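Peer 1: Take this structure first; my questions come after.
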Amino acid sequence: VQLQASGGGLVQAGGSLRLSCAASGNIASVNSMGWYRQAPGKQRELVAAITVAGTTTYDDSVKDRFIVSRDNARKTVYLQMNSLKPEDTAVYYCNRDRPPFVIWGRGTQVTVSS
């Protein structure tokens, strides 16, 4: 199974980005999935999750700004990020929303300038 996150980039504070996570195999269509991020010097943290049925949960730091969604037919999970803040700067990854995790992909860098 491979997970490929994409869509990151450099954006000014207040801007938006949409991340995509494409998965080989069926992982993204039969599992609850999560978006994680890891800032320099910090541990990786779960910021958003979505069940197969579409129920979503968010960390307080991104609630009301980020929206997670999925397309099971395309085996893809998305993260719409709005009202971005400099503290959102990190490498973003997708994976199952809980262990056991599959091998982590390289992630996609999001940099928010002030």
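Peer 1: Conditions first: (1) closer than 19 Å to residue 1 by Cβ; (2) open to solvent by less than 70 Å² (accessible area, probe 1.4 Å). Residue 38 passes all but one, so which condition is the exception?
Peer 2: That leaves (1) as the condition not met.
Peer 1: Okay, moving on. Looking at the range 64-114, which of its residues are within 16 Å of residue 23 (Cα to Cα) and of a type in the set (Val, Ile, Thr)?
Peer 2: Scanning the range 64-114 gives 68, 76, 77, 102, 103, 108.
Peer 1: Looking at the range 64-88 only, could you name the residues that are at pLDDT 95 or above and surrounded by fewer than 18 Cβ atoms within 10 Å (Cβ to Cβ)?
Peer 2: Listed by number, the residues that qualify are 64, 65, 67, 69, 80, 82, 83, 85, 86, 87.
Peer 1: Continuing with the same structure: Scanning the range 89-114 for residues that are among the aliphatic types (A, V, I, L, M) and at pLDDT below 95, which turns out surrounded by the most Cβ atoms within 10 Å (Cβ to Cβ)?
Peer 2: Among them, the one singled out is 102.
Peer 1: If you don't mind, there's one more thing I want to ask. What single numbered condition from (1) open to solvent by less than 30 Å² (accessible area, probe 1.4 Å); (2) touching a residue at least 60 places away in the same chain (Cβ under 8 Å) fails to hold for residue 7?
Peer 2: Against the list (1) open to solvent by less than 30 Å² (accessible area, probe 1.4 Å); (2) touching a residue at least 60 places away in the same chain (Cβ under 8 Å), residue 7 comes up short only on (1).
Peer 1: Which fully enclosed strands (runs of 3 or more DSSP E) of the range 1-88 have 2 or more residues being of a type in the set (Val, Ile, Thr) and under 15 Å from the mean Cα position of the chain (by Cα)?
Peer 2: Output list reads 45-50, 56-58, 66-71, 76-81.
The values are calculated or read from the model by the stated rules, or taken from the named source; none is laboratory data. Everything numeric in this text was worked out from a predicted model, so none of it was measured. Positions of Cβ are backbone-derived with ideal geometry, glycine not excepted, and every protein chain shown enters the neighbour counts. We work out accessible area using only protein heavy atoms, side chains counted, and drop any ligands, DNA or RNA first. Shrake-Rupley method; radii C 1.70, N 1.55, O 1.52, S 1.80 Å.
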